[in-house]
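The values are calculated or read from the model by the stated rules, or taken from the named source; none is laboratory data. This structure is a prediction, so every number in the text was calculated from the model and none was measured. Here Cβ is always computed from backbone atoms with ideal geometry, including for glycine, and neighbour counts include all displayed protein chains. Surface accessibility is based on the protein's heavy atoms, side chains included, excluding ligands, DNA and RNA. Shrake-Rupley method; radii C 1.70, N 1.55, O 1.52, S 1.80 Å.
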Amino acid sequence: MKKSNAGKKLYIVFVAIVTIVVMIIGLIATRNIGRSGSEIDREKALNQLEKMVREINPSVKQAPKAMVTASDKANVARELPDIESCEVVVEPSTPNYVEIYSSPEKAGKDKDAFLTKLGEEFNRYGGVNVGGVQYSVKIRNVSSGIAVDYISSKKAVPDAFTPSSSMWQLMLDSDGVNSSVISESMVSNQAGVCVANDVYKNLESAHGKVDIKTIIDATASGEIATGYTNPFSSSAGLNLLITILNEYGNGDISSDAAKEGFGKFQNNVPYVALTTVQMRESAEKGTFDAFVSEYQTYINDDKLSRKYTFVPYGYLHDNPLISVTSDSNKNEVLKAFSDYCSSDDAKKLAKEYGFGGDGNYKSNYGTLTGEQLREAQTFYKENKNANPVICVFVTDVSGSMMGAPLNALQSSLINAMQYINSDNYVGIVSYADNVDIELPIRQFDSDQQSYFKGAVQNLRASGGTATYDGVCVALDMIEKQLEVTPDATPIIFVLSDGETNSGYKLKDVSTLVKSLKVPIYTIGYNANIDALKEISDINEAACINADTDDIMYQVKMLFNSSL
């Protein structure tokens, strides 16, 4: 039987209403698509934050003033952890041996095990007899910049080291370390920028060719976002810094033009990555269109070599073998090991492991001195941020921090004061069961430095762990300061040893953190690193897994790259 006209009309109205309702629901459901982590608008986030902080009800303390003395200044030996924190990858096979520090891409595992494998073979075949004594090699995995710090400070001096680049040897020379070249190149490598294939094609279409100058200029103009690593510890990062200064300064890395050009480039860099892992993860999320790498890493990673085009830059990474011992017998051993690593079989292994590059790239830059490199690092430290930074330290003072952990936290923060530029704004929050504002945010002049030291020295441990309550209070402090200094860059550092057991949880604050776009760097020791990494990952900050022995050095490196 056919429906009546009235029934049809009623049916049509019903369908129309349902359709409208579905559309509205769809709009509501999809309005946050593209906003990772259920991002909400800023006004709503601030209102929610205000309510949460009101509930937390932090107290404001009056920090005592403490005198900033010469003992608070740089002391690299004090900052460095015990050398045993760096892994020995080749154990000696004889009582007498030479110890070599090697950069990780040669002294790791799998395709990073070039020197590891050769060292093991050298020892297995008996090493070498010098002066009637049998010698073998001991190889320790130590990043190039850190190796220089160990040697220059005399904290732990090996017999030799093989950094990624001879630039680090130049800095050793400028530090007054007596060294000699055993081999100018144990194995060759190239620094380069990995450019996403689609970005590379766009650059090629717009500029005709894609070389490092194209990438630098495209970054400076805001066409692309480029990531690089800390020039104080990373060979690729240091090489890029020098390359930028060379390109803009026409070979004079100390010129005003070089420094002005670096400023333009840096203004369009989202952030300087503390680690290669952090940089790679950011690239996968789309934060970077291009990022630095070494050719050996690039070619050994199928995903990288498939999705990115490698553009070489700067000085070659020549991997020299540098002796820092005056013992003539040990230098003979080093020479014998160097010869072993240059055999035909070793060269075949080097190629198999991805070393050598494409063989066509040649550096056109002039010679460098260690003094120039140190000057460039200092310039970077003082000029990496176009605008001042607003920073709040969120410090865990729960009961589990009592004793060595809190002492390490206090020492590391006091030591790292010297690495905070004075035009930045700094505050301190502590948390246990409750949250205390130990130091309200102010510019980090000499007066604030005195209060900072006093506040840190005054920290006491007891109670539970309300980590995310502390984060909320820090966010609120930063947002209030941004009203006064709107062009500043906000950062939070969380130093913690434990899992949250009171107050708000990560799920309660993650949306706020994402919406307010404040990066939260975390340093955990004896901690639930996965939980800390979750909050750092929200806005692509680094999470450092430290312990009480290396926390001071980790904080230093973090501040050098961020503050």
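Computed values, structure above
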{"quantity": "Residue, modelled with the lowest pLDDT, within the range 519-533, restricted to residues that are open to solvent by less than 20 Å² (accessible area, probe 1.4 Å) and either in a strand (DSSP E or B) or more than 11 Å from residue 496 (Cα to Cα) (or both)", "calculated": "525"}
{"quantity": "Count - residues of the range 134-162 that are closer than 14 Å to residue 115 by Cα, touching a Cys at 6+ places or on another chain (Cβ under 8 Å) and open to solvent by 20 Å² or more (accessible area, probe 1.4 Å)", "calculated": "1"}
{"quantity": "Residue within the range 543-551 that is of a type outside the set (Ser, Thr, Tyr), buried (at least 21 other Cβ atoms within 10 Å of the Cβ), without any contact (Cβ under 8 Å) to a residue 60 or more places away in the chain and outside any helix (DSSP H, G or I) present", "calculated": "yes"}
{"quantity": "Among (1) among the aliphatic types (A, V, I, L, M); (2) open to solvent by 10 Å² or more (accessible area, probe 1.4 Å); (3) in a helix (DSSP H, G or I) - the single one residue 181 does not satisfy", "calculated": "(3)"}
{"quantity": "Complete set of residues in the range 122-174 that are aliphatic (A, V, I, L, M) and within 19 Å of residue 107 (Cβ to Cβ)", "calculated": "137, 139, 142, 146, 147, 148, 151, 156, 157, 160, 167, 172"}
{"quantity": "Condition check for residue 235: crowded, with 23+ Cβ neighbours inside 10 Å and of a type in the set (Ser, Thr, Tyr)", "calculated": "yes"}
{"quantity": "Residues of the range 478-491 that turn out to be open to solvent by 30 Å² or more (accessible area, probe 1.4 Å), under 17 Å from residue 268 (Cα atoms) and in a loop (DSSP other than H, G, I, E, B), as a count", "calculated": "1"}
{"quantity": "Near pairs, Cβ below 7 angstrom, 6+ apart or cross-chain, from the range 378-405 (within 18 Å of residue 240 (Cβ to Cβ)) to any residue that is in a loop (DSSP other than H, G, I, E, B) and open to solvent by 40 Å² or more (accessible area, probe 1.4 Å)", "calculated": "386/267"}
{"quantity": "Matching residues in the range 421-431 - criterion: being open to solvent by less than 10 Å² (accessible area, probe 1.4 Å) and not hydroxyl-bearing (Ser, Thr, Tyr)", "calculated": "424, 426, 427, 428, 429"}
{"quantity": "Filter result (in a loop (DSSP other than H, G, I, E, B) and either of a type in the set (A, V, I, L, M, F, W, C) or surrounded by fewer than 17 Cβ atoms within 10 Å (Cβ to Cβ) (or both)) within the range 48-64", "calculated": "57, 61, 62, 63, 64"}
{"quantity": "Answer residue from the range 290-301, given it is of a type in the set (Phe, Trp, Tyr) and open to solvent by 10 Å² or more (accessible area, probe 1.4 Å) and is nearest to residue 362 (Cα to Cα) among those", "calculated": "295"}
{"quantity": "Selection from the range 249-289 of residues that are aromatic (Phe, Trp, Tyr) and within 25 Å of residue 367 (Cα to Cα)", "calculated": "262, 265"}
{"quantity": "Hey, residue 361 open to solvent by less than 70 Å² (accessible area, probe 1.4 Å), touching a residue at least 60 places away in the same chain (Cβ under 8 Å), closer than 18 Å to residue 240 by Cβ and in a helix (DSSP H, G or I) or not", "calculated": "no"}
{"quantity": "Close pairs (9 angstrom Cβ cut-off, 6 or more residues apart or separate chains): over 11 Å from residue 187 (Cβ atoms) in the range 334-346, in a helix (DSSP H, G or I) and of a type in the set (Phe, Trp, Tyr) anywhere", "calculated": "336/122; 337/122; 340/122"}
{"quantity": "Selection status of residue 304, open to solvent by less than 30 Å² (accessible area, probe 1.4 Å), touching a Cys at 6+ places or on another chain (Cβ under 7 Å) and within 30 Å of residue 352 (Cβ to Cβ)", "calculated": "yes"}
{"quantity": "Residue 173 vs. criteria among the acidic types (Asp, Glu), under 30 Å from residue 78 (Cβ atoms) and in a helix (DSSP H, G or I)", "calculated": "yes"}
{"quantity": "Exclusive hit being among the hydrophobic types (A, V, I, L, M, F, W, C), open to solvent by less than 30 Å² (accessible area, probe 1.4 Å), in contact (Cβ under 8 Å) with a residue 40 or more places away in the chain and closer than 24 Å to residue 66 by Cβ, set 475, 512, 495, 516", "calculated": "495"}
{"quantity": "Candidates 310, 288, 265 - the one that is under 20 Å from the mean Cα position of the chain (by Cα) and outside any loop (DSSP other than H, G, I, E, B)", "calculated": "265"}
{"quantity": "Meets criteria (modelled with pLDDT of 95 or more and out of contact with any Ser or Thr (no Cβ under 7 Å at 6 or more places or on another chain)) for residue 420", "calculated": "no"}
{"quantity": "Residues that are in a loop (DSSP other than H, G, I, E, B) and of a type in the set (A, V, I, L, M), drawn from the range 75-98", "calculated": "80"}
{"quantity": "All positions within the range 446-463 that are open to solvent by 10 Å² or more (accessible area, probe 1.4 Å) and either touching a Ser or Thr at 6+ places or on another chain (Cβ under 6 Å) or farther than 28 Å from residue 230 by Cβ (or both)", "calculated": "447, 450, 451, 457, 458, 460, 461, 462, 463"}
{"quantity": "Residue check for residue 164: of a type outside the set (D, E, K, R), over 17 Å from residue 84 (Cβ atoms) and in a helix (DSSP H, G or I)", "calculated": "no"}
{"quantity": "Condition check for residue 206: aliphatic (A, V, I, L, M) and touching a His at 6+ places or on another chain (Cβ under 7 Å)", "calculated": "no"}
{"quantity": "Per-region count, the range 436-477, residues within 13 Å of residue 393 (Cβ to Cβ), hydrophobic (A, V, I, L, M, F, W, C) and not in a helix (DSSP H, G or I)", "calculated": "5"}
